[in-house]
Amino acid sequence: MTLVTNKLTPPLLAVSLWIFPRFVGGDRTDRAMDLRYLRPWARHILTDDEARDIIRPVTMDEVKTAFFDIEEDKAPGPDGFSSGFFKAAWPVVGGEVSNAIIDFFKTGRLLKQLNATLLTLIPKVRTPNSVAEFRPISCCNVIYKVITKILVSRIREILELLISPSQNAFVPGRLISDNVLLAQELFSGWIEECVTSAHYSVVVNGGVHGFFAGARGLRQGDPMSPYLFVLVMEVLHMILQQLIEQDGEFQYHWRCQELNLFQLSFADDLLLLCKADVRFGLRDSLLATLGFQEGQLPVRYLGLPLISARLSIADCQPLLKKIDSRIKGWEGVQLSFAGRVQLIKSVLISFEVYWAMAFILPKGIIKEMMKRLRTFLWKGNSASGYPKVAWEAVCRPIDEGGLGIKDILALNRALMSKHLWAVIKQDRTSLWVDWIIKVRLRECSIWTVKDNKGAWGWRKMLSLRHYLMPHIHYRVGDGDSISLWHDPWHPLGPLITRFPRGPQLTSTGLLDKLSVVINDGQWNWPLITDIACLQITYMLPPIVEGPDRISWKSKDGSFNTSTAYDLFHHQVLRLSTLDKPWLHHIGGNCILCQDGLTETHDHLFFSCSFSRRCFAIIRQQIPLPWPHRDWQHGVQWASSRWRGKHVVNAAFRSLLASIVYHIWQERNARRFQQHSRPPSIVGRLVVEEIRQRIMSIPLRHSVSSIGLYRLWKIPWPVEGFTK
C-alpha cells in the first residue's frame, strides 16, 4: 500500500492484508452463467456479419497501435515494464510481444503471470483512519492492457448499435446518456479469460505481499472494466423493462411516460423513476430488503447537486473547497509566475468545467472563483503581492497581450451553449434532447419557448439564446425540418414573435413546417393582404437543393466550445465598456451607413446615406416635398407646412412618422439582433403602410379625397362614395 506522506500504521496494515484477499479473492462459489439465459432479456443482438467482424483476426499493426496508445507515465504492473520501455525497444521486442498477444486471441488462454496485478490503495482523505478511506487501484501489466485495449476497441465499434438510451457511460458520440449488451460466444470467451485469470498482490508500505487469485469484482485500472460494468447494467435495464411490460401496473413518472423512461444510469449511479404514489408499507419493505436509507432532496448525483430550484452559493461550496484544497496543497512548492499561470489553466479552471457543463453558475460563485485565481496568480505562496494588471487583461488571448487564462463567466456560457446547440440541431441520439423536444417544445421551438417554466437550470439556459441566434445560419432546402413560425430562418427572426396573427392571416398552421410554403424548390406563399405580413415576402432567403441545414457560423459550420467561448468572451468585455461612452454623453458610430460618423438625430434620420436612399426610393413613388433640414428645423417645417385636418397633410404627417419609425426599427434590428434590410425594402414598406392606412379610412367623394388617391396611386372605388 503506497502512501505519499506517511506509511500505513500496523493495525491498518494487518487489516488490509486480511480484508483485500477476501474482498477480491476467496472461493469462487458462483457458477458461470449460461449465455443462453440472457437471450430472453436481450433486445439488441448482433447480426452474423457484425459478430464475425468483432472476432476478426488481430493484426500486428493493431497490436502496435494499442501499445503506442498507452501513455508512458502510466504506472507499470508487477513486471515493472512501462509502455515507454516497449516503445523505445519496439524494434527488438515488438515482434515477440505481438506474437504472444496474437496467440492469446487464437487460443483464448492467458498466462497468469501476464494477468498479475498490483493492488495499490490511494487515500481518499489526507489522514485515512480506516481501510474504507482508501481507493483500490489495480496496476496491470502493459501486455495485459494491450489485450484489453484491443477488446475495448472492438466493443466500441458496435457499442452504439446495442446501447439503451437511458444509460450514459463510455459510449462514443453520446453525452451523459447510454449503455450495452454483448453476448457473442468467442468474444465473451476472451473477456471471461481476462477476468477470471486475474491474480493480485497487495502493495503495503512499498513492499509487495501475497499472490492470490481474483474471484469477484472488476479492477479499477483495467481498460476493459468500465465497459464490462456497462454490460451488466444493460442486462439490469432489460430485465427491469420486461418486468414492467409483463406487470402492467407500473406507473411512470408523469414527465417520463412519453419516452417510457424508468431509469437513468451512469456507471454505478442508478436512478429509478416512477410515479410518486408508493405506499408507506411498500417503501419500508423496500428499504429493509435492499438495505437502503431514505434520503431527502436535494441530493448529489454524479458529484453535482440535484436540484430544480435556484442554484445557491451554498450549493457550490464543494467547488470552492476543491479549489482551496488544491491551492493549499501547493503551499510548500516554490512556483514561478509562469508555473502558476500553467496550473491555473490546466488544473484550477478544469474544476469549474464539470460544474459549468451542467449549471449557469451564480455570479457570486464566479466572483469567488476569480478572487481565488487572482490571489494565487499574483501572490502565490507569499503574503504580499498585488495585481499588476486588471483581470480582464489577464483573460485576453496571448496574441492580444493577455495570459490566455479562460474567463470563467464566458467559459460557463460557452459550455452550456453546447446543450442549446444539440436542441437546435435536434440531436435525438441524446436522451435529454429527445425529452426536451417531446415535453418542453411540444408546441414551439427552442427560440420561442417561454422561459418562465421548467427547472431553474433550463430557464437560465434559455437566457443564452439571444447570444447564439446571430451566429446560427438556417439554410432553407426542402423545408421539412424547419418550423415555419418558430425557427429564425427568416431575416426577421422567428416570425411568430413579430406576427402573432400570422398563421391566421396566411391560412397556415402554428406548428407547420416551412415545406408548406415551398413548391418544387420555389416559394409558394398564400395571398397576403395584411401590410405587416407583407414584410415576410419582401425578405425571403434563397432556396437551395437538398435538405435543410443548420450551421454555426464557423469555418466548417459545426459548433465548438472554442468559437462559442470567443463569442461570449467578446460579450463579457463589451458589456463592461459600452456604458462608458453613454456616461460621457458620447454617441456611438452610426450602424446604418458605417461611415464612422457619430449617431445623432440629425444624422440618423436625415443626413445618413441609408436614410437618404430611403427618402429617394419613397420620392420615386410619392412626390414628397422635403427640404433635407436638420432634425429640429425639419420637424418645425413639417409641423407648419402639414398642419390642419386636410387629408393630404394628414397623410404626409403619417408618412414622416412612418419613415422615422422604420429607420429607428432598422437601426435597433442591426445593433441588437444583427438583422439588416436594404433601403429599398424599408422604403417600400413605408409607402405600402401609408397606402393601406389611407385605404382603411372611410372618405367621402370629394376633390381632396380624389386628389389624395391620385397622389398615392390608389384607384378610386367604382361603386359608392365611401371606402
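The values are calculated or read from the model by the stated rules, or taken from the named source; none is laboratory data. No experiment lies behind these values; they were computed from the predicted model shown. No Cβ is skipped: glycine too gets one built from the backbone with ideal geometry, and neighbour counts run over all protein chains shown.
Quick look at the numbers
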item	result
Residue identified as in contact with a Leu (Cβ under 9 Å, 6 or more places away or on another chain) and in a loop (DSSP other than H, G, I, E, B) among GLY454, GLY546	GLY454
Residue check, ILE437 out of contact with any Pro (no Cβ under 9 Å at 6 or more places or on another chain), without any contact (Cβ under 8 Å) to a residue 60 or more places away in the chain and either surrounded by fewer than 20 Cβ atoms within 10 Å (Cβ to Cβ) or not assigned by TED's automatic domain parsing to the domain that holds SER463 (or both)	yes
Residues satisfying the stated conditions in the stretch 512-539, i.e. among the aliphatic types (A, V, I, L, M) and out of contact with any Pro (no Cβ under 9 Å at 6 or more places or on another chain)	LEU514, VAL516, ILE518, LEU527, ILE528, ILE531, ALA532, LEU534, ILE536
Cβ-Cβ under 6 Å pairs, at least 6 apart or on other chains, the stretch 472-491 side touching a residue at least 40 places away in the same chain (Cβ under 8 Å), far side among the basic types (Lys, Arg) and in a strand (DSSP E or B)	ARG475/ARG549; GLY479/LYS513; ASP480/LYS513
Helices (runs of 4 or more DSSP H) completely within the stretch 594-686 that count 1 or more residues being at pLDDT 80 or above and among the aromatic types (Phe, Trp, Tyr)	609-621, 647-668
Residue within the stretch 473-494 that is under 17 Å from the mean Cα position of the chain (by Cα), aliphatic (A, V, I, L, M) and buried (at least 19 other Cβ atoms within 10 Å of the Cβ) present	no
Residues within the stretch 251-302 that are surrounded by 11 or more Cβ atoms within 10 Å (Cβ to Cβ) and small (Gly, Ala, Ser), tallied	3
Qualifying positions in the stretch 250-267 - among the small types (Gly, Ala, Ser) and assigned to a loop (DSSP other than H, G, I, E, B)	ALA267
Any pair with Cβ under 9 angstrom, 6 or more apart, that starts in the stretch 531-557 at a residue that is under 21 Å from HIS662 (Cβ atoms) and ends at one that is exposed (fewer than 12 other Cβ atoms within 10 Å of the Cβ)	ALA532/ARG501; CYS533/ARG501
Boolean, ALA358 is farther than 15 Å from ASP407 by Cα and over 28 Å from the mean Cα position of the chain (by Cα)	no
Selection from the stretch 480-530 of residues that are part of a helix (DSSP H, G or I), charged (D, E, K, R) and either over 27 Å from HIS662 (Cα atoms) or assigned by TED's automatic domain parsing to the domain that holds HIS675 (or both)	none
Residue selected from the stretch 211-229 under the condition at pLDDT 70 or above and not hydrophobic (A, V, I, L, M, F, W, C), by the criterion surrounded by the fewest Cβ atoms within 10 Å (Cβ to Cβ)	PRO226
Filtered residue count, the stretch 114-152, keeping only those that are free of Cβ contacts under 8 Å to residues at least 12 places away in the same chain and within 21 Å of SER201 (Cα to Cα)	3
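Rundown of residues vs (1) of a type in the set (A, V, I, L, M, F, W, C); (2) touching a helix residue (DSSP H, G or I) at 6+ places or on another chain (Cβ under 7 Å), yes/no style:
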site	(1), (2)
LEU282	yes, no
LYS322	no, yes
LYS328	no, no
GLU368	no, yes
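Per-residue answers, yes or no, for (1) surrounded by 10 or more Cβ atoms within 10 Å (Cβ to Cβ); (2) at pLDDT below 75; (3) closer than 30 Å to ILE137 by Cα:
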site: PRO10; (1), (2), (3): no, yes, yes
site: ARG43; (1), (2), (3): yes, yes, no
site: VAL58; (1), (2), (3): yes, no, yes
site: LYS64; (1), (2), (3): yes, no, yes
site: PRO78; (1), (2), (3): yes, no, yes
site: PHE86; (1), (2), (3): yes, no, yes
site: TRP90; (1), (2), (3): yes, no, yes
